[in-house]
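Notes to accompany the following structure.
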Amino acid sequence: MPVNDSKLRILYVIPTLDQSGAEKQLALLASGLPTRQFQSEVIALNRGGYYEQILQDSQIPFQSLGKRLRIDPVTHFRLKQQISRFQPDIVHSWLFAANTHCRLLKKRSSTWKSVVAERCVDSWKASWQKFCDRRLISHTDAMVVNSQSVARFYRELGVPESLIHVINNGIANINSGLDSTETTRSAVRDQWGIPQDAFVVLSVGRLAPQKRLNTLLWAMHMLSLAEKNVYAVFAGEGPDRAELLELVKKYEITDRVLFTGHVNDAGPILKVADAFWLGSSFEGQSNSLMEAMAAGLPVAVSDIPANLELVEHEQTGLVAAMGDSASFASAIRRLIREPEFAAQLGNTAAQKMADEYSIDQMISKHVELYQRITGNSES
């Protein structure tokens, strides 16, 4: 039962707490809510994960329901019990499985409000999943999306404009400058066998088809023919790893490309790099891109709507045509050949992140939404 009935009670529900973008934003939000106004708990349908630690450090109750099946009535019943126990004012669910389970449990007699979080342009969804989303609109009190492109996707799916609220991701202010981290930079480059004077372009994310890493590898091949001291580092794991390693051999760039595998903290790697690139075919709002910008790295990104919300060409980064390896290669060559311009792009991008995408703004906008939909202007 609630400890303090004067506080708004928020129950967060998500499939896992694995190390990914939505999970990170949930952990930052739950741990950052003003405790004077809010009491929160977190439930993972499947399992916990990396971001459990943030919740533990903030003394936020967490439990996993052990979901194993795609359609799992046992988990559904357990979630119903937890909602009944906690008596939340708001159930804020994240991602398709949690959004579906929670909204199916919301009845006309329910006293709690249903907030769903959608984090990506979910073009992968099958017709039955889109049918569920449409069918459950009437069980939704608010939908939080992290970019205008995601908002557009769900408007086209049939979600009313009045339900959609765009709240940008929150990114820590990590723009401490590369010059103050030369020890880390030097040590990691030695560890990786990369020359200290090399130009390193970084990619952080899943090795998955949507990231179009094959585009970046061919761009790296072209760069290797024109620039003698450029290297590419790919941090992350995913289903395309074996195929990408074969491409590295085929393009004869084995000595210029490094796959690090999964990394828990991208901060040190960002400090090793000179530029960042992202060639995705779709995104919601890329945390890795935002972190690179916050670190002051010049970026080159594909011209998809989600990236264009963050990167203005020649102002906060460079924009390349999606799937166009030559365009990406040209962008990186320009950053190599024009270091003052590259530094200007990085500085402007870092300032944009600090001004518009702070963790504080993300939390405060959620607070405003929670108060509005519950009729609590002050809790």
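FYI, it's all coordinate maths here, none of it is from the lab. Owing to the predicted nature of the structure, the values given are computational and were not obtained by experimental measurement. Cβ atoms come from the backbone with ideal geometry, glycine included; neighbour counts cover every protein chain shown.
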Residue separation between PHE341 and LEU225 times 0.36 nm, minus their alpha-carbon distance, gives in nm 39.5 nm
Partner lysines whose C-alpha sits under 30 Å from that of LYS352, ignoring same-chain residues fewer than 8 away, are LYS24, LYS211, LYS271, LYS365
So the angle from the long Cα axis of helix 339-356 to the longest Cα principal axis of the chain, reported in degrees to the nearest 10, equals 10
The aspartates and glutamates whose Cα lies under 14 Å from the Cα of LYS130, excluding any fewer than 8 residues away in the same chain, are GLU118, ASP122, GLU156
Its Cα gyration tensor gives the chain an equivalent ellipsoid whose semi-axes in whole Å, largest first, are 39, 21, 19
The chain, Gaussian network, Cα under 10 Å: of GLN39, GLN81, GLN351, the residue fluctuating most is GLN81
Heads up, segment 178-356 by the C-alpha gyration tensor (a ≥ b ≥ c square roots of eigenvalues; a/c under 1.5 rounded, else a/b over b/c prolate, else oblate) looks rounded
Which of LEU213, LEU79, LEU225 fluctuates most in a GNM of the chain (C-alpha springs under 10 Å)? That residue is LEU225
In terms of the alpha carbon gyration tensor, root eigenvalues a ≥ b ≥ c, rounded if a/c is under 1.5 and otherwise prolate when a/b exceeds b/c or oblate, segment 222-279 is oblate
Of 357-370, 19-32, 254-267, 43-56, ordering from highest average Cβ density within 10 Å down gives 19-32, 43-56, 357-370, 254-267
Between ARG372 and ARG152, the two model label points (7 Å from Cα along the beta-carbon direction) sit apart by a distance in nm of 2.2
Partner lysines whose C-alpha sits under 19 Å from that of LYS80, ignoring same-chain residues fewer than 8 away, are LYS67, LYS106, LYS107, LYS113
Checking segment 211-304 for GluC sites (Glu not before Pro) in a loop per DSSP with at most 14 other beta-carbon atoms within 10 Å yields GLU252
Whole-Å distance linking the alpha carbon centroid of segment 312-379 with that of segment 229-251 is 26
